[in-house]
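Take a look at the structure set out below.
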Amino acid sequence: SPLHFVTLLGSLRKASFNAAVARALPELAPVGVSISPLGSIADFPHYSQDVQDAGFPAAVLAMAEAIRNADGVIIVTPEYNYSVPGVLKNAIDWLSRVTPQPLAAKPVAIQTASPGMIGGARAQYHLRQSLVFLNAFVLNRPEAMIGQVAGKVDADTLRLTDGVTREFLASQLAAFSQFARKLRP
Ligand code: FNR
């Protein structure tokens, strides 16, 4: 039966390499698996319980609902200062306060891309730590860390063009699809 995944993007940059990766995913998904982007986390205010108490922002509630309705979430994000970008952590903090908490028991896959050699590996492990508290079911491997991404994305079209990277991401999506099917309620 078909699966639907959503992508959560951790960069707000217009020419984001991670956005290029996320945009490529629908073409790389196995047969029977569709992938679409969640709304932008740019629309989330800075988390404060005072703001929450005044009423959850519509963008937060809409994203929580989209995640609840999906069979899995693919988080695609840069690494900032060896960790998770503040804007993505802020989004996760917001989502964690919604009831029912949308990432609980939700299959999650992580992808990071960086112009550097390590491909955002350190951010992945910080992200996994937060996802433990949210009780998300995070795919262990294959881990998708895309180093030297500047040479793998076409500068004019912002398309992920590197064949080896595309094949590797396709293999992660295949593994994630199996994982999500196994965990489907
Ligand atoms: C970075 N960058 C970066 N790269 C990395 O591999 N490890 C890191 O720790 C950091 N730290 C970092 C901090 C801050 C504040 C910025 C702005 C950038 C570089 C980063 O990978 C690069 O800017 C990417 O292009 C960001 O991803 P997007 O926006 O292109 O998807």
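Taking R0 as 45 Å, what FRET efficiency do you get between Ala42 and Arg181 from their Cβ-Cβ distance, rounded to the nearest 0.05?
Working: r = 32 Å, r/R0 = 0.72.
Taking R0 as 45 Å, the efficiency between Ala42 and Arg181 is 0.90.
Using 0.36 nm per residue of separation minus the Cα-Cα distance, give me the extension gain between Phe133 and Ala174 in nm, one decimal.
Numbers: separation 41, 0.36 × 41 = 14.76 nm, distance 2.60 nm.
Residue separation times 0.36 nm, minus the Cα-Cα distance, leaves 12.2 nm.
Using the Cβ atoms and a cut-off under 9 Å, what net charge is assigned to the surroundings of Ala20, where Lys and Arg are +1 and Asp and Glu are -1?
On the way: positive: Arg23, Lys152, Arg159; negative: Asp154.
With Lys, Arg at +1 and Asp, Glu at -1, the net is +2.
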- Task: With label points built 7 Å along Cα→Cβ from the Cα atoms of Glu167 and Ala58, find their separation and express it in nm.
- Result: 4.6 nm
- Item | Contour excess over end-to-end distance, with Cα ends at Val31 and Leu158 and 0.36 nm allotted per residue | 43.2 nm
- Message: I want the local charge near Arg68. Using Cβ-Cβ distances under 14 Å, sum +1 for each Lys or Arg and -1 for each Asp or Glu among the other residues.
- Response: 0
- Message: Taking each pair of distinct Cα atoms in the range 1-150 once, what is the resulting Kirkwood hydrodynamic radius in Å?
- Response: 15.5 Å
- Item | All-pairs alpha carbon distance profile, the range 101-185, 10 Å steps from 0, percent | 17, 42, 30, 11, 0
- Item | Under 14 Å from the Cα of Lys152 - aspartates and glutamates, other chains or at least 8 residues apart | Asp162, Glu167
- Each residue of the range 148-158 in turn: what ³J(HN,Hα) in whole Hz from Karplus with 6.51, -1.76, 1.60 and θ = phi - 60°, glycine and Pro shown as x? 6, 5, 4, x, 10, 10, 5, 5, 7, 8, 6
- What nm distance separates the two modelled labels at Ala150 and His126, each placed 7 Å from Cα along Cα→Cβ? 2.2 nm
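Check each of the chymotrypsin sites (Phe, Trp or Tyr not before Pro) in the range 60-114 and keep only those in coil by DSSP with at most 13 other C-beta atoms within 10 angstrom; list them in order.
Details: sites: Tyr80, Tyr82, Trp94; in loops: Tyr82.
Passing sites in the range 60-114 are Tyr82.
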- Average Cα contact separation per residue, the chain, under 8 Å, 6 or more apart, as relative contact order %: 25 percent
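We did not get these values from a lab; they are worked out from the coordinates using the rules stated. Keep in mind that this is a model prediction, so the values were computed, not measured. Ideal geometry is used to build each Cβ from the backbone, glycine not excepted, and the neighbour counts take in all protein chains shown.
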